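Computed from the coordinates by the stated procedures, all read-outs in this text should not be read as laboratory data. Quantities reported herein were computed from a predicted structural model and do not represent experimental measurements. Positions of Cβ are generated from backbone atoms using ideal geometry, with glycine treated the same way; all protein chains shown enter the neighbour counts.
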Amino acid sequence: MFFGKKSKRKATSLDTLIGQNSQVQGDLRFSGGLHVDGVVRGSVSAEDEEVSVLTLSDRGTIEGDVRVPYAVINGVVVGDVHARQHIELAANARVEGNVYYNLIEMAMGAEVNGQLVHTAESSREPLALSHKPASRSED
């Protein structure tokens with residue numbers, strides 16, 4: 001997976017699977033690991049803000065907004081994606097909406113039809129404020 005040894009994220013097992021021939025109508029809330037091969041028509045959000053992972057395979061589709069800390073997208077999302085920690089857009093990923101991310105990996109072939117919007121962690125200082133202009137002394 002995409003998380004290195006120094007990641008704050010703990011290894012998450014697969015807790016929920018939506019199979020290739022399955023279709024979910026309505027909003028879906030999960031914790032732990034969610035793998036989608038089928039279709040979800042509704043928003044998908046994680047209850048566990050720290051370690052939950054959404055994996056959307058190349059056979060999967062989500063028609064609704066996504067709000068998770070970690071995501072690996074290789075299918076189609078029609079809606080905005082909010083990945084608070086890390087998102088990986090694999091080669092077959094197609095997002096029809098905006099992607100809000102802290103850290104992003106995007107493979108060649110991935111497609112975003114919307115905006116990529118960086119959202120810094122609350123503990124990090126905004127980039128524009130971290131560089132103070134040097135004061136000039138006039139003699």
Legend entry - Mean Cβ neighbour count within 10 Å, used as a protection proxy, ranking 51-58, 36-43, 25-32 highest first: 51-58, 36-43, 25-32
Legend entry - Computed FRET value (nearest 0.05) for SER13 with ARG59, which takes r as the C-beta separation and R₀ as 30 Å: 0.90
Inset, instruction - Sticking with the crude label model, points 7 Å out along Cα→Cβ, report the distance from GLU111 to ASP48 in nm, one decimal please. - result: 3.4
Inset, instruction - Quickly work out the LEU103-to-ALA120 label distance, labels modelled 7 Å from Cα along the C-beta direction, and quote it in nm with one decimal. - result: 1.7
